[in-house]
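Asks: My questions will all concern the structure given below.
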Amino acid sequence: MVSTRALRSVIGGSGAALLAATAALVAVTVPSAHAADPPLRDLAAAKGVYMGTALMASELSGTSASIAGTQFDSVTPGNEMKWDTVEPSRGTYNWAPGDSIVTFAQAHDMQVRGHNLVWHSQLPNWLTSGSFSNDELHSILVKHVTDEVTHYKGKVVHWDVVNEPFNEDGTFRQDLWYNQLGVSYIADAFKAARAADPAAKLYLNDYNVEGTGAKSDGMYNLVKSLKQQGVPIDGVGFQAHLILGQVPSTFKANLQRFADLGVDVAITELDVRMQTPSDAGKLQQQANDYAAVVNDCLGVTRCAGITVWGFTDATSWVPSTFPGQGAATLYDENYQPKPAYAAVRTALGGGTTTTPPTSPPTSPPTTPPGGGGGCAVSYGVNQWNTGFTANVTVKNNGSAPVNGWSLKWTFASGQTVTQAWNATVSQSGTAVTATNLSYNGAIPAGGSTSFGFNADWSGGNPAPTGFTLNGTACTVS
């Protein structure tokens with residue numbers, strides 16, 4: 001699957017194509033235990049916010065569609081509502097791609113965030129290469145905004161009306177719109193959108209404005225000015241394309257100062273990229289970063305919700321835009337939830353620890369399954385070429401809780417664990433031990449816990465035939 005979820009251009013590349021070829025070999029499924037958890041959308045709704053994802057028309061079937069429609073209650077089209085897609089030639093509209101996103105959203109009880117109406121990028125050639133007077137260009141802008149918002153009236157809840165109008169120093173971007181129309185193009189776009197659909201919430205959206213600084217100050221001053229002029233701006237979107245370990249310490253305070261202007265705020269394009277390959281430490285830091293952003297949003301009454309810019313590394317825009325970086329999303333390349341997913345769940349109220357510790361206890365206290373009921377292990381594998389992803393569910397069939405767990409098994413030769421989540425997995429030869437993290441050490445009587453790992457294999461990949469939980473043999477399914 002070639003990544004087309006780019007912010008600044010439609011991105012392709014041999015790396016994404018290779019990833020697509022690999023992913024095509026994997027019969028990916030949502031793990032049963034994961035599927036049984038309350039989805040992120042339900043947890044978010046209980047907190048009074050939405051949980052959204054960006055999605056492409058090419059992802060409206062198969063595993064992508066299944067996860068998106070289950071886990072999220074808001075969808076942002078990656079490219080399908082941008083100007084070059086919607087109006088490829090002047091006055092001729094191509095609604096089909098955007099309509100497909102809306103249809104999917106309606107079928108899955110999701111709201112739609114329209115993205116975007118006015119931007120310096122992904123403009124059609126007829127517009128960028130044309131020669132227009134100021135009045136004509138103004139008319140083109142107002143007509144396009146009016147026509148698109150009218151087409152989706154009552155179907156799009158939020159619109160990113162103007163996207164990325166600022167330079168890093170807080171001055172206005174010298175683009176087609178600003179150079180000919182001046183800063184007034186922003187107010188005019190908002191006014192046209194409000195006239196076309198008075199019920200839609202209208203947002204200004206940009207990146208690198210999450211913490212306080214020159215760029216966010218520029219955004220703040222613009223919003224303040226627009227409000228003073230009576231321009232119908234309802235919210236500010238903070239894209240939050242973040243770097244591992246660099247969530248701004250002023251993020252929450254910055255969200256609050258915008259909210260104090262009388263507008264809603266939202267996290268609109270969240271991802272957290274890292275130098276690849278990933279490892280357990282990086283994935284845990286990423287989990288902490290995602291949790292921090294969710295908590296910052298929840299700490300501001302006017303934060304409407306959070307949208308991730310794609311939920312899987314399989315289609316992320318990051319690797320082809322930032323060479324050597326990636327692994328930025330909640331799910332890995334095989335559509336399996338990462339520690340970041342668990343951290344977001346917990347931050348939304350799905351657990352008791354908002355930032356899971358980076359390592360388990362040195363010698364976790366363990367108790368065997370109580371009551372004579374024993375334990376049961378479900379071991380599921382998605383396999384390709386020379387690698388596989390395993391999802392393991394451990395059920396306590398006893399009548400007493402398990403407090404701290406260690407699951408052991410033996411591989412056939414040629415299988416090597418490379419990465420794990422929701423457990424610390426160690427391997428010595430063919431012997432493997434998975435131990436709980438300190439946020440998931442308790443398994444209640446009749447309850448279960450799940451973890452997963454990626455591994456390499458050669459020569460064969462038979463499933464383990466026996467598991468022990470704290471020294472007690474388990475049945476295997």
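Asks: Name the single residue, out of those in the range 257-280 being free of Cβ contacts under 8 Å to residues at least 60 places away in the same chain and either touching a Cys at 6+ places or on another chain (Cβ under 9 Å) or of a type in the set (Asp, Glu) (or both), that is surrounded by the fewest Cβ atoms within 10 Å (Cβ to Cβ).
Replies: Filtering the range 257-280 for residues that are free of Cβ contacts under 8 Å to residues at least 60 places away in the same chain and either touching a Cys at 6+ places or on another chain (Cβ under 9 Å) or of a type in the set (Asp, Glu) (or both), the one surrounded by the fewest Cβ atoms within 10 Å (Cβ to Cβ) comes out as Asp260.
Asks: Within the range 449-477, restricting attention to residues that are touching a Gly at 6+ places or on another chain (Cβ under 7 Å) and part of a loop (DSSP other than H, G, I, E, B), which residue is nearest to Gln415 (Cα to Cα)?
Replies: Step by step, filter the range 449-477, then rank; the result is Ser458.
Asks: So, one more: In the range 159-193, which residue that is small (Gly, Ala, Ser) and free of Cβ contacts under 8 Å to residues at least 12 places away in the same chain is farthest from Gln111 (Cα to Cα)?
Replies: Filtering first and then ranking leaves Gly182.
Asks: Now for a different question. Give the residue, chosen from Leu226, Leu244, that is among the aliphatic types (A, V, I, L, M) and either under 30 Å from Gln275 (Cα atoms) or out of contact with any Phe, Trp or Tyr (no Cβ under 8 Å at 6 or more places or on another chain) (or both).
Replies: Sole residue among the options that is among the aliphatic types (A, V, I, L, M) and either under 30 Å from Gln275 (Cα atoms) or out of contact with any Phe, Trp or Tyr (no Cβ under 8 Å at 6 or more places or on another chain) (or both): Leu244.
Asks: Please verify whether Ala195 is in contact with a Cys (Cβ under 8 Å, 6 or more places away or on another chain) and surrounded by fewer than 19 Cβ atoms within 10 Å (Cβ to Cβ), treating the condition exactly as stated.
Replies: no
Asks: Can I ask one more? Does the range 275-321 hold any residues that are over 17 Å from Asp160 (Cβ atoms) and part of a strand (DSSP E or B), and which are they?
Replies: Matches in the range 275-321: Gln275, Thr312.
Residue-wise test of (1) of a type in the set (S, T, N, Q); (2) surrounded by 16 or more Cβ atoms within 10 Å (Cβ to Cβ); (3) modelled with pLDDT under 50; (4) under 21 Å from Asp99 (Cα atoms).
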{"position": "Thr22", "(1), (2), (3), (4)": "yes, no, yes, no"}
{"position": "Val30", "(1), (2), (3), (4)": "no, yes, yes, no"}
{"position": "His34", "(1), (2), (3), (4)": "no, yes, yes, no"}
{"position": "Asp37", "(1), (2), (3), (4)": "no, yes, no, no"}
{"position": "Leu40", "(1), (2), (3), (4)": "no, yes, no, no"}
{"position": "Gly52", "(1), (2), (3), (4)": "no, yes, no, yes"}
{"position": "Glu59", "(1), (2), (3), (4)": "no, yes, no, yes"}
{"position": "Thr63", "(1), (2), (3), (4)": "yes, yes, no, yes"}
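Asks: Give the range 113-160 a look and list any residue that's touching a Pro at 6+ places or on another chain (Cβ under 7 Å) and surrounded by 23 or more Cβ atoms within 10 Å (Cβ to Cβ), or say none.
Replies: His115
Quick grid of which residues meet (1) surrounded by 21 or more Cβ atoms within 10 Å (Cβ to Cβ); (2) touching a Lys or Arg at 6+ places or on another chain (Cβ under 7 Å):
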| position | (1), (2) |
| --- | --- |
| Asp73 | yes, yes |
| Glu80 | yes, no |
| Asp84 | no, no |
| Asp99 | no, no |
| Val102 | yes, yes |
| Gln106 | no, no |
| Gln111 | no, no |
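Asks: Looking at the range 56-115, which of its residues are out of contact with any strand residue (DSSP E or B) (no Cβ under 8 Å at 6 or more places or on another chain), among the hydroxyl-bearing types (Ser, Thr, Tyr) and more than 19 Å from Val157 (Cα to Cα)?
Replies: Residues satisfying the conditions are Ser58, Ser61, Thr63, Ser66, Thr70, Thr85, Ser89, Thr92, Tyr93.
Asks: Give, as residue ranges, the strands (runs of 3 or more DSSP E) completely inside the range 164-274 that count at least 1 residues that are over 29 Å from Ser139 (Cβ atoms).
Replies: Qualifying strands (runs of 3 or more DSSP E): 235-238, 241-243.
Asks: Right, next: Please determine whether any residue of the range 363-378 is closer than 20 Å to Ala280 by Cα and either modelled with pLDDT of 85 or more or part of a loop (DSSP other than H, G, I, E, B) (or both).
Replies: Within the range 363-378, one or more residues are closer than 20 Å to Ala280 by Cα and either modelled with pLDDT of 85 or more or part of a loop (DSSP other than H, G, I, E, B) (or both).
Asks: Please work out if Gly446 is without any contact (Cβ under 8 Å) to a residue 60 or more places away in the chain, part of a loop (DSSP other than H, G, I, E, B), over 33 Å from the mean Cα position of the chain (by Cα) and in the same structural domain as Ala390 (by the TED database).
Replies: Spelling it out, it is not the case that Gly446 is without any contact (Cβ under 8 Å) to a residue 60 or more places away in the chain, part of a loop (DSSP other than H, G, I, E, B), over 33 Å from the mean Cα position of the chain (by Cα) and in the same structural domain as Ala390 (by the TED database).
Asks: From Thr389, Thr433, Thr393, grab the single residue that is in a strand (DSSP E or B) and surrounded by fewer than 16 Cβ atoms within 10 Å (Cβ to Cβ).
Replies: Step by step, each of Thr389, Thr433, Thr393 is checked, and only Thr433 is in a strand (DSSP E or B) and surrounded by fewer than 16 Cβ atoms within 10 Å (Cβ to Cβ).
Asks: Given the criteria closer than 20 Å to Gln239 by Cβ, in the same structural domain as His138 (by the TED database) and surrounded by fewer than 20 Cβ atoms within 10 Å (Cβ to Cβ), does Gly182 qualify?
Replies: Against the criterion (closer than 20 Å to Gln239 by Cβ, in the same structural domain as His138 (by the TED database) and surrounded by fewer than 20 Cβ atoms within 10 Å (Cβ to Cβ)), Gly182 does not qualify.
Asks: For the range 183-216, which residues satisfy the criterion of being more than 20 Å from His144 (Cβ to Cβ) and hydroxyl-bearing (Ser, Thr, Tyr)?
Replies: Tyr207, Thr212, Ser216
The values are calculated or read from the model by the stated rules, or taken from the named source; none is laboratory data. Treat the numbers as computed from the prediction; the structure is a model and nothing was measured. Here Cβ is always computed from backbone atoms with ideal geometry, including for glycine, and neighbour counts include all displayed protein chains.
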